[in-house]
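Student: One structure follows; several queries about it will come next.
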Amino acid sequence: MGNTEKIKYEVSVGNAADIESIAQFQVDMALESEGTVLDKERVLQGVTAAVNDVAKGTYLVCRANGDAISSLMLTREWSDWNNQWYWWIQSVYVKPEYRGKGAYRAMYEKIKEMAQEQNISQVRLYVDKTNYSAQQVYKKLGMDECHYYMYEEVLTTGATLEACAAILVE
């Protein structure tokens with residue numbers, strides 16, 4: 001498959017039939033980008049939970065010749081400042097043989113189309129500081145680096161939501 005070959009991509013909202021592919025993409029991404037080995041069964045449970053509950057997220061899956069070759073997840077953030085929803089793009093993975101060949105562009109165009117239909121105000125994402133190739137892709141597609149830094153504190157390790165809720169109730 002040469003770089004000049006035009007590939008026809010189909011992008012759609014992920015469903016139960018996509019769970020296995022999406023989970024494998026997440027396992028592959030974690031290993032590739034962070035050297036982290038994920039528990040595949042736990043990832044399958046997490047992907048299944050999101051596919052079955054739109055409040056947790058919405059997956060987009062990109063296909064070439066009918067095969068899933070990339071996915072990402074959209075999550076929502078409410079802006080009280082603007083009285084509008086923002087979308088966050090996360091869990092982006094494109095199979096290596098399709099990188100640089102328009103798969104992410106196809107997914108991003110679908111995101112913008114859906115955002116316009118649903119009156120989404122902004123689309124945001126975070127990217128590893130050292131992932132320069134992804135940063136260039138995002139800039140090329142019209143996204144700008146913003147003025148925010150991201151901070152985090154890990155409060156639980158491997159705890160389920162139910163376990164966290166039980167702790168809060170005590």
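The values are calculated or read from the model by the stated rules, or taken from the named source; none is laboratory data. Being a predicted model, the structure only gives us computed values, none of them experimental. Neighbour counts are summed over all protein chains in view; Cβ atoms, including those assigned to glycine, are modelled from backbone coordinates with ideal geometry. Areas reflect the complete protein model, heavy atoms only, side chains present, ligands, DNA and RNA absent. Shrake-Rupley method; radii C 1.70, N 1.55, O 1.52, S 1.80 Å.
Student: Find me the longest stretch of the chain that has none of the exposed trypsin sites (Lys or Arg not before Pro), where exposed means in a DSSP loop (not H, G, I, E or B) with at most 10 other Cβ atoms within 10 Å.
Tutor: Details: sites that count: K6, K8, K129.
The reported range is 9-128.
Student: Can you tell me the equivalent ellipsoid semi-axes for the chain? Use √(5λ) from the Cα gyration tensor, largest first, whole Å. The partial results should precede the final answer.
Tutor: Working: eigenvalues 139, 87, 59 Å².
Taking √(5λ) for each Cα gyration eigenvalue gives 26, 21, 17 Å.
Student: Read phi for every residue in segment 125-142 and hand back ³J(HN,Hα) as whole Hz from Karplus 6.51 cos²θ - 1.76 cosθ + 1.60, θ = phi - 60°, with x for Gly and Pro.
Tutor: Rounded to whole hertz, the list is 7, 10, 9, 4, 4, 9, 8, 5, 5, 5, 4, 5, 4, 4, 5, 4, 8, x.
Student: Kindly provide the GluC sites (Glu not before Pro) of segment 1-108 that DSSP labels as loop, not H, G, I, E or B, and whose Cβ sees at most 11 other Cβ atoms within 10 Å.
Tutor: Values: sites: E5, E10, E20, E32, E34, E41, E77, E97; in loops: E5.
Qualifying residues, ordered by number: E5.
Student: Still on this structure, I have one more. Can you send over the solvent-accessible area of S121, 1.4 Å probe, protein chains only, in Å² to the nearest 10?
Tutor: Solvent-accessible area, nearest 10 Å²: 50 Å².
Student: Please give the per residue accessible area of segment 1-146, computed with a probe of 1.4 Å over protein heavy atoms only, in Å².
Tutor: On the way: 9030 Å² over 146 residues.
Ligands and nucleic acids excluded, the result is 62 Å² per residue.
Student: Still on this structure, please answer the following. Loop by DSSP (not H, G, I, E, B), at most 13 other beta-carbon atoms within 10 Å: where is the longest site-free stretch of the chain for chymotrypsin sites (Phe, Trp or Tyr not before Pro)?
Tutor: On the way: sites that count: W81, Y126, Y148, Y149, Y151.
Segment 1-80 is the longest.
Student: Would you mind checking the pairs K56/K101; K8/K110; K101/K139; K6/K129 and listing those with alpha carbons more than 20 angstrom apart?
Tutor: K56/K101; K6/K129
Student: Okay, next question. Under unit Cβ charges (Lys, Arg +1; Asp, Glu -1), what dipole magnitude, rounded to 20 debye, does the chain have relative to its Cα centre? Present the calculation step by step, with values, prior to reporting the outcome.
Tutor: Details: 17 positive and 24 negative charges, 155 e Å.
Result for the chain is approximately 740 debye, rounded to the nearest 20.
Student: How charged is the neighbourhood of M29? Take every other residue with its Cβ under 13 Å from the Cβ of M29, and add Lys/Arg as +1 and Asp/Glu as -1.
Tutor: Values: positive: K40, K95, R99; negative: D28, E32, E34, D128.
Here the charged neighbours net out to -1.
Student: Per the 1.4 Å probe, what fraction of the accessible area of segment 56-159, in percent, lies on carbon and sulfur atoms? It would help to have the intermediate numbers written out before the result.
Tutor: Details: 3280 of 7030 Å².
Roughly 47 percent of what the probe reaches on segment 56-159 is carbon or sulfur.
Student: Related question: As a test question: what accessible area, to the nearest 10 Å², does V127 have when a 1.4 Å probe is rolled over all protein chains in place?
Tutor: 50 Å²
Student: Considering only T130, T75, T157, give the residue with the highest GNM mean-square fluctuation for the chain, with springs between Cα atoms whenever their separation is below 10 Å.
Tutor: The residue that fluctuates most here is T157.
Student: Which value, in Å³ per residue, describes the convex hull spanned by the Cα atoms of segment 78-124? Walk me through the numbers before you get to the answer.
Tutor: Numbers: hull volume 3.1 nm³, N = 47.
Per residue, the Cα convex hull of segment 78-124 comes to 66 Å³.
Student: With each run of n ≥ 4 DSSP H residues scored as -39500 (n - 2.57), what mean residue ellipticity at 222 nm is computed for the chain after dividing by its residue count and rounding to the nearest 500 deg cm²/dmol? Each step should come with its number before you reach the end.
Tutor: Working: 5 runs with 62 residues, N = 170.
Computed ellipticity for the chain at 222 nm equals -11500 deg cm²/dmol.
Student: Next question. Which one, Q26, Q116, Q135, has the greatest fluctuation when you compute a Gaussian network model over the chain with C-alpha springs under 10 angstrom?
Tutor: Q116
Student: Separate question: Using every Cα-Cα pair within segment 1-81, state what percent have a distance larger than 17 Å. Walk me through the numbers before you get to the answer.
Tutor: Working: 1734 of 3240 pairs.
For segment 1-81, the share of Cα pairs beyond 17 Å comes to 54 percent.
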